1. Restricted to region 169-209, and to residues that are in a helix (DSSP H, G or I) and among the charged types (D, E, K, R), which residue is farthest from the chain's Cα centre (by Cα)?
2. Can you give me the ranges of the strands (runs of 3 or more DSSP E) entirely in region 210-329 with at least 1 residues that are at pLDDT 95 or above and among the charged types (D, E, K, R)?
3. Conditions first: (1) in a helix (DSSP H, G or I); (2) farther than 29 Å from Leu232 by Cα; (3) not assigned by TED's automatic domain parsing to the domain that holds Gln129. Met362 passes all but one, so which condition is the exception?
4. Quick one: would you say Glu73 is part of a strand (DSSP E or B) and touching a strand residue (DSSP E or B) at 6+ places or on another chain (Cβ under 9 Å)?
5. Sort through Val168, Val115 and tell me the only one that's more than 21 Å from Pro288 (Cα to Cα) and crowded, with 19+ Cβ neighbours inside 10 Å.
6. For Ile96, state whether it is at pLDDT below 90 and more than 17 Å from the chain's Cα centre (by Cα).
7. When you scan region 414-429, how many residues do you find that are out of contact with any Asp or Glu (no Cβ under 7 Å at 6 or more places or on another chain) and closer than 30 Å to Ile84 by Cα?
8. Only residues in region 127-153 that are closer than 19 Å to Val115 by Cα count as the first member; pair them with residues that are surrounded by fewer than 18 Cβ atoms within 10 Å (Cβ to Cβ) and acidic (Asp, Glu), Cβ under 7 angstrom, at least 6 apart or cross-chain, and list the lot.
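The values are calculated or read from the model by the stated rules, or taken from the named source; none is laboratory data. Keep in mind the model is a prediction, meaning the values are calculated, not measured. Reconstructed Cβ throughout: ideal geometry from the backbone, glycine too, with neighbour counts over all protein chains shown.
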Amino acid sequence: MRRIRRTIVSMLIVSLLFLLSACQNRIDPLKEDEEELSGKLRIAIGQPFASGRVHPLDSSVKGPIYDKLKAFENQHPDLEIELIDISFTTGEPSTIPQDPLPDLMEVAPYQIRWVANGNDFEDLDPFVQISRWKDGFAKLVDGTRLNGVAYMLPIKSEPMIMYYDAKVFGELYITAPTEEWTWDDFIMASQQLKAEGYVVNIPDKFDAIEPIIKGLGGTYTSEDGMQFINYLDNDSTIAAFDQYSSDMRLHTSGEANKAGHKALGMGRPSDLYSLLDENTNLRIARMPIFPDGNRHNTALTTGLAIAANSPNKTAAMELLKTLTSEGEEETVRFANFNALAMKNDKFSTKPLAQQDELLTVMKLESEISAPATFQLNPGMINHYGILNERSEEFANLLPTLFQQDSPETALKQLAGMVETLFSTQRGMW
């Protein structure tokens, strides 16, 4: 009997050792390769007004993405990262090396759609699939796809947000924004605030009002982002501009730069640093629910894409793994923070009192956002991108879009202009 027991115990021990060994030897598809990375990794990062400078990764560059790159280079002492400062100033020669393209490039979704040739960048779907993202970051990646394929992993995402003065709302007994706040609630609050002499700050930039136009039933482009005629100028979009003019221009105090106490507004977060810093009573809220029962938003988005002919794809892929290794929530938060700090370093050096709240709301809004239609490049300063090619004509059209009963002619002109301009961009790095 004792011999049988000893035999059973021995078999159990052997089985446990076998299972332990199997667990230890299981290959994790996301685990970094044991071999050391080496060689040169050329990375092109968008910089406003950059001159195409090529330089080592050193202390001359600052910002969240550069901190990540420095940490990665420190982990791999045999790998040299070379930076290329790229500028996409419309109408000026490109500063991107063409032959070959950099190993990794910061690009905007519409560059993937309109500028890149079909064989310029690596298909990242195999990596996306083994990463098994399900929530926030998966939604950011999905928003950048071209014909269902992921060619870039987002490193910046800046959606529109809403803000309000909690003190003023309390003094006037106006219900503060909640998760259920609707467009009608926004309009009613705007009327009350205007009657009391406060400013309601609503953007009138063409790119910034895109989510509002979507929420009111319009659209700037086809679902695949490739057509403008019969979308930007269709009856639904014309009606949306009419309603926007009626709702907003009659009930608000207008432009972002109008003097006065701003008690309610919408905007891109990176443009709001001074306003939020000067008034700590301002709180951050999500965009309202529109008449169709949904939230709508657009984000200024950029991501890193791997050149299909990169001689160091192994290092490029390992970098993407590292940038997304902290989980979906942190990866989205990084994309939001990177968008802020790369445009205004005060978000890093002197964080706002409301910064945690701001990043929380940005994450939620990023997850429902489509890429901003006219952000043709990573430059976050001038959002009109391709429209700068016809800047004078566009400047004349823009005011008429916000005059009730007059947007139809302007939208038809604009749709034709944009469709013609975008079709000229293929290969124009």
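1. Applying the filter and picking the extreme gives Glu171.
2. Numbers: elements: 262-267, 282-285, 298-306.
Fully inside region 210-329 and qualifying: 282-285.
3. The one condition Met362 does not meet is (2).
4. The answer is no for Glu73.
5. The conditions single out Val115.
6. Spelling it out, Ile96 is indeed at pLDDT below 90 and more than 17 Å from the chain's Cα centre (by Cα).
7. Number satisfying all stated conditions: 9.
8. Val149/Asp123; Val149/Asp125; Ala150/Asp125; Tyr151/Asp123
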